[in-house]
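Encoded as structure tokens, the structure appears first; notes follow it.
The values are calculated or read from the model by the stated rules, or taken from the named source; none is laboratory data. All figures in this text were calculated on a predicted structure; none of them were measured in a lab. All Cβ positions, glycine included, derive from the backbone under ideal geometry; neighbour counts span all protein chains shown.
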Amino acid sequence: MSGAALSLRRQLLAGILLPVGLFIVLHAFNLYRQTLAAVNTAYDRTLLASAKSIGEQLDVEGYDAEARLRATVSYAALEAFEADTQSRLYYRVSSLGGAVISGFDDLPFWRGTIPDRGAYAALVDFYDDSYRGEPVRVAVLLQPVASQSGRGMAVVQVAETLELRRTLTRKILIDTLVQQAALVLVIALVVVVVVQRATRPVRQLSAEMQSRPEGDLTPIAAAGAPRELLPLVDATNSVMSRLAHLLDNQKRFVRDTSHQLRTPLAVLKAQVQSGLRGDVDARQALGEISDTVDRATVLANQMLSLAKVEQLRQQPESDVTDLADAVRAVALDLAPLVADKDIDFELDTQPAPLAAHEWMLRELARNLLHNAIKHTPRGGTLSVRVLADRNAAALIVSDSGPGIPAELAPRLFQPFSAADVRSGSGLGLAICHEIVRALGGTIELANREVHGRVTGLDATVRLPLAENAA
């Protein structure tokens, strides 16, 4: 909450108060114009009353063009129409031709026209002008004058200075702005309070996470968290679960590596010391050392493969690889081993596109075929089939070896659980099992029996086809 760039409080305040402030500015401008128009309307009525009052005090002799107007109007007669001492009134009574009859003769004569549809039932016009260096509002009344001895038309002008109008307009505007400013402050206070309350669960979760001991990746318990926060909690728990899984695999890899490599290294050291002492022939010692190095190399490569499976599991499945192509490539690599044991080898494949990394499919096929070749007797049979239906692909490796003992079957997929510890490290099937799990498939080992006698082993792997290939 302290960072300006990430603060919800500041974002909400800016997102709400800036538009509200802009609206208030525009509203204040319009309000000033509307208030001034309303004040003008109210005071224009007073001006009209002043002009009518003056018109009632006129007299005339003669008719129309020969009419001679007389006026006996004192300035005191206008004091009743002055609202206060802030404004001043000026008047002028003229003939239609502009001749001054009474009043302030320097007040500019009206040269306008009467509106066709005025707001009042009188021949009146209102306009803004300047008189004696001050802005004024002027009302013009065309006043018919009649008497027993004549009839004529007078032009009555009454001008008022604008101090009062502007003062009243500013007062209304300031009062309104003060109320709107109070409203903005209330909005800001509400935003701050609401954000504080809404983000309280986030701060509580943050405090809980910071108080956890190092290495604690247990899921976050947020039963009382708001509904909008649950996706973040679930995503965090998912990430923590993956991290815990990765750490467990890392710890297992380090533990297994230190345990499994200790033995061949100890044997290798003993063989070197024996060769240096001359206990055995040098050629024999070098041969034993070479065998030990080969077994340690195979063990190290398999353990690295097991770790690589976990690494690829965390990557998105963007590649589409044909299982049939991977199996044929592996079969070609292992062809010398098949020929060396004179095995009757059969390969039958169908296109089977999978959403999987090519290395994973090749490693799966390599371990299954290598185990099958190793356990198939010389001159035996070995078949490899890749089948595909609408939803899944199947890799079936059938050898003619002795099968698997019933007591060993439940733990064959566990690391270092070889059927013969002298012929392997027990990691091949564990690697296959991890690859199949990573790809969302299944693997099964089953003995083939004829009349109660085991004639071989079937390793069956089923994997889902890629979605765009279904």
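Values as computed for the structure displayed
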| read-out | value |
| --- | --- |
| Within the stretch 47-65, tally of residues that are without any contact (Cβ under 8 Å) to a residue 60 or more places away in the chain and assigned to a helix (DSSP H, G or I) | 3 |
| Residues of the stretch 345-360 satisfying the condition of being within 29 Å of Thr455 (Cβ to Cβ) and either of a type in the set (D, E, K, R) or within 37 Å of the chain's Cα centre (by Cα) (or both) | Glu346, Asp348 |
| Selection within the stretch 110-140 - of a type in the set (S, T, N, Q) and farther than 21 Å from Leu89 by Cα | Thr113 |
| Subset of the stretch 324-355 [touching a helix residue (DSSP H, G or I) at 6+ places or on another chain (Cβ under 8 Å), in a loop (DSSP other than H, G, I, E, B) and of a type outside the set (S, T, N, Q)] | Leu334, Lys341, Ile343, Pro351, Ala352, Ala355 |
| Residue, farthest from the chain's Cα centre (by Cα), within the stretch 371-389, restricted to residues that are closer than 15 Å to Asp322 by Cα and surrounded by fewer than 23 Cβ atoms within 10 Å (Cβ to Cβ) | Arg385 |
| The one condition in (1) surrounded by fewer than 16 Cβ atoms within 10 Å (Cβ to Cβ); (2) over 60 Å from the mean Cα position of the chain (by Cα); (3) polar (S, T, N, Q) that Gln157 fails to fulfil | (1) |
| Among the residues listed as Asp342, Asp389, Asp399, Asp348, the single one being within 20 Å of Ile431 (Cα to Cα) and modelled with pLDDT of 85 or more | Asp399 |
| So Arg313, is it among the basic types (Lys, Arg) and at pLDDT below 80 | yes |
| Arg151 of a type in the set (Lys, Arg), modelled with pLDDT of 85 or more and loosely packed, with under 14 Cβ neighbours inside 10 Å | no |
| Candidates Thr41, Thr35 - the one that is in contact with a helix residue (DSSP H, G or I) (Cβ under 9 Å, 6 or more places away or on another chain) and assigned to a helix (DSSP H, G or I) | Thr35 |
| Which listed residue is surrounded by 15 or more Cβ atoms within 10 Å (Cβ to Cβ), of a type in the set (A, V, I, L, M, F, W, C) and either at pLDDT 80 or above or not in a helix (DSSP H, G or I) (or both), from Leu107, Leu26 | Leu107 |
| Flag for Ala394 being in contact with a helix residue (DSSP H, G or I) (Cβ under 7 Å, 6 or more places away or on another chain), at pLDDT 85 or above and either assigned to a strand (DSSP E or B) or closer than 16 Å to Leu337 by Cβ (or both) | no |
| Counted residues, the stretch 200-221 - those being over 22 Å from the mean Cα position of the chain (by Cα), surrounded by 13 or more Cβ atoms within 10 Å (Cβ to Cβ) and under 23 Å from Arg9 (Cα atoms) | 1 |
| Positions within the stretch 121-144 being more than 24 Å from Asp59 (Cα to Cα) and part of a loop (DSSP other than H, G, I, E, B), in sequence order | Arg132, Gly133 |
| Residue, surrounded by the most Cβ atoms within 10 Å (Cβ to Cβ), within the stretch 335-365, restricted to residues that are among the aliphatic types (A, V, I, L, M) and closer than 12 Å to Ala438 by Cβ | Leu364 |
| Single match in Leu142, Leu123, Leu96, Leu164 (criterion: over 30 Å from Val20 (Cβ atoms), in the same structural domain as Leu17 (by TED's automatic domain parsing) and crowded, with 18+ Cβ neighbours inside 10 Å) | Leu164 |
| Residue check, Arg111 more than 19 Å from Leu58 (Cβ to Cβ) and either within 60 Å of the chain's Cα centre (by Cα) or not assigned by TED's automatic domain parsing to the domain that holds Ala49 (or both) | no |
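So that you can scan it fast, the table gives a plain yes or no per residue for (1) on the phi < 0 side of the Ramachandran plot; (2) among the aliphatic types (A, V, I, L, M):
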residue	(1), (2)
Leu168	yes, yes
Pro201	yes, no
Gly215	no, no
Pro226	yes, no
Ser238	yes, no
